[in-house]
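The values are calculated or read from the model by the stated rules, or taken from the named source; none is laboratory data. The structure displayed is predicted, hence computed values, not measured ones.
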Amino acid sequence: MSFIQITGFALMAVVLLVVIRRERPEVATVLSILVGGLILINLAGPVVGVVRFFQNLGQRSNLDLAYVSTILRIVAIAYLTEFCAHVCKDAREETVASKVELAGKILILVAAVPVFYAVLETLSGLLG
């Protein structure tokens, strides 16, 4: 799906959701989550292309692929956390949204530990 198709789909969905929300807010919330999921599914192809690009870039530059995959994992955690938190906010579950955001931040920190360790090892090798 191109950007124009995605935005067109999203705008049509929003118009439909506004109409539905007046009579059946619970149905509108579920449909809103489904629309978001459909948009994410349609982005899977381009995301795979970006992942392959970064993997190839890592191989060409002789970077350890573990670092490239860690960075990609961190980006994925950030995007999925944001998506999930927005879904929670759309459902008026602010408390759950804040816990999802906190969990995402903690998972990013945990995923980044090997990269921090490698940077510290490199720095200690350069200095000592």
Original post:
Which is among the β-branched types (V, I, T), over 18 Å from H86 (Cα atoms) and over 21 Å from the mean Cα position of the chain (by Cα), of V19, V14?
Top reply: V19
Original post:
Based on what the data block shows, is L38 assigned by TED's automatic domain parsing to the domain that holds M1, under 16 Å from the mean Cα position of the chain (by Cα) and within 22 Å of M1 (Cα to Cα)?
Top reply: yes
